[in-house]
Amino acid sequence: MNQQGLIFLNATGAPVLSRADSRQMRAHITKSNFAKRRQRASQGETKGNEGNKQTPQQALHRRKRCQQKSQRTASQANPTKLPSRESPQYVPSMQLLVRNFRYLVFLDIRPTVQDPVEKAWFDLITSEPVVFEASLAGGMRCWGPDDESQQNADLHLSRATKLLVDRISCEQVPSDAMIGAVMTMAFGERMADNDEAWNVHMEGLIKMMQQRRHHGASSLPPVLRSLVALDLMNHVLGFPRFYHPKVVDMLSSHGDQVISTLAPISTNISLLKTAVGAPETGHVGQASHDVAGPLERLRLATHALREFNEPYIKATSRSLEVYLNLLWPLLFPMDLHSVGTELKDAISEFRIKACPYMDLTSPHYILGLLATANDSEARSWFLERIQGSVQVMRQRGWSDPLSLMKKGLEHEPHIHHLFRALWGDETNGAM
């Protein structure tokens, strides 16, 4: 897409909120509007108990009015209004819109998306303006470090925020699109290294999950729940994108087997570090008598994760095994090269193409690079994925695309040292 196309998508003449103003608005929405919404829901339930419940026809009519209101809000603030699904030009217009969107956010120039899972993902993104605007905000946030790109990100984020307020005031149960929008906003704040705003969004997500669970709906759509599971290693390394302990606790408490297995892992890793120590050299330090419990629980948990065949879970499982072996090879002996190849195969099964910054904030690629054998096909695969994403981000003006990853690795000096040495050898010292 040329620069004119980019300007068309973002130029509205509307005032651009500052970062401080945007953060204040989002905090107000999370802390105030969710509370008001719960109060309205409680009042609605009280009225229902008095015999004033809406009929299905009335509820449908109310939902349509709310959707029309959201569309009007989007069209007033956004020239890229999503075409109506009933309009004759819907199919070609939406195809063009999605194609341009994939380029803006994912640098994906494929003319069509063939995989049904990926198509369903883009259908969710374009189902409502709120998630579309949130996704554009994320795309603009990592498009470049220049002021124009960051102001465009703030603008799309303010639109998404306004639309989210509309949806909160209209809907009794948060939709998949609303959940996706909030998680996308959280990812954008993680890319901006804004812990405070990230926590605000995640607290809002937790309240949405509670509302959905209260009304009998799944607390997270399957794809988004898989992203939480994929993010375990990010949480362990200290820069989570979607993994939040309260989110995990809620999913675990309602019988999610995968999340129930994942939930205690980071705690047991912390206990093992306390008991054994996190070695600088890869050798186990002086173990205390407290090592047996967390060690055995970690063994059982990593073994249990291998029972799940879903690609995101497999990637988390193999990354965890690599991580534990790199820290404590005597406690977790394994064929590291084989596990690294399995990790590559699991990532290759991902059905949705990730943006470069998604890859560069995923420790799975670093761990896979460290685990695979010299001159192996798997080693080359990991190296090419990392180098390709770094090159793309540097072309956009980012001087240090791996900054978030390196920030996380600072908590693991042994792994950080191994990566710096290997990356320097492969790239002639260019870290």
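The values are calculated or read from the model by the stated rules, or taken from the named source; none is laboratory data. This structure is a prediction, so every number in the text was calculated from the model and none was measured. Because the Cβ atoms are built from the backbone with ideal geometry, glycine has one as well, and the counts that use them run over all protein chains shown.
No other residue among 319, 266 is modelled with pLDDT of 95 or more, in a helix (DSSP H, G or I) and of a type outside the set (A, V, I, L, M, F, W, C) apart from 319.
Screening residue 353 on (1) surrounded by 14 or more Cβ atoms within 10 Å (Cβ to Cβ); (2) of a type in the set (Lys, Arg); (3) in a helix (DSSP H, G or I); (4) modelled with pLDDT under 95 shows it passes everything except condition (3). Checking every residue in segment 337-347 against the condition of being at pLDDT below 95 and under 21 Å from residue 370 (Cα atoms) gives zero matches. When each of 175, 169 is tested for being hydroxyl-bearing (Ser, Thr, Tyr), farther than 20 Å from residue 228 by Cβ and in contact (Cβ under 8 Å) with a residue 40 or more places away in the chain, the lone residue that passes is 169.
Take segment 158-177 and flag every residue that is within 20 Å of the chain's Cα centre (by Cα), among the hydrophobic types (A, V, I, L, M, F, W, C) and modelled with pLDDT under 90. Residues satisfying the conditions are 164, 177.
Within segment 304-332, residues that are free of Cβ contacts under 8 Å to residues at least 12 places away in the same chain have Cβ atoms under 9 Å from residues that are surrounded by fewer than 24 Cβ atoms within 10 Å (Cβ to Cβ) and not in a helix (DSSP H, G or I) in no pair, counting only partners at least 6 apart in sequence or on another chain. One residue alone among 117, 91 is at pLDDT below 55, among the β-branched types (Val, Ile, Thr), surrounded by fewer than 20 Cβ atoms within 10 Å (Cβ to Cβ) and over 27 Å from residue 391 (Cβ atoms), and that residue is 91.
This table checks each residue for (1) of a type outside the set (Ser, Thr, Tyr); (2) without any contact (Cβ under 8 Å) to a residue 60 or more places away in the chain; (3) outside any helix (DSSP H, G or I).
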{"site": "148", "(1), (2), (3)": "yes, yes, no"}
{"site": "153", "(1), (2), (3)": "yes, yes, no"}
{"site": "184", "(1), (2), (3)": "no, yes, no"}
{"site": "201", "(1), (2), (3)": "yes, no, no"}
{"site": "207", "(1), (2), (3)": "yes, no, no"}
{"site": "218", "(1), (2), (3)": "no, yes, yes"}
{"site": "227", "(1), (2), (3)": "yes, no, no"}
{"site": "234", "(1), (2), (3)": "yes, no, no"}
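Taken together, 266, 260 contain a single residue that is within 30 Å of residue 302 (Cβ to Cβ), surrounded by fewer than 21 Cβ atoms within 10 Å (Cβ to Cβ) and without any contact (Cβ under 8 Å) to a residue 12 or more places away in the chain, which is 260. Taking the criterion of being closer than 22 Å to residue 242 by Cβ, surrounded by fewer than 21 Cβ atoms within 10 Å (Cβ to Cβ) and not β-branched (Val, Ile, Thr), would at least one residue in segment 134-146 satisfy it? No, because not a single residue in segment 134-146 is closer than 22 Å to residue 242 by Cβ, surrounded by fewer than 21 Cβ atoms within 10 Å (Cβ to Cβ) and not β-branched (Val, Ile, Thr).
Where helices (runs of 4 or more DSSP H) fall wholly inside segment 363-419, the ranges with 1 or more residues that are at pLDDT below 90 and among the basic types (Lys, Arg) are 403-409.
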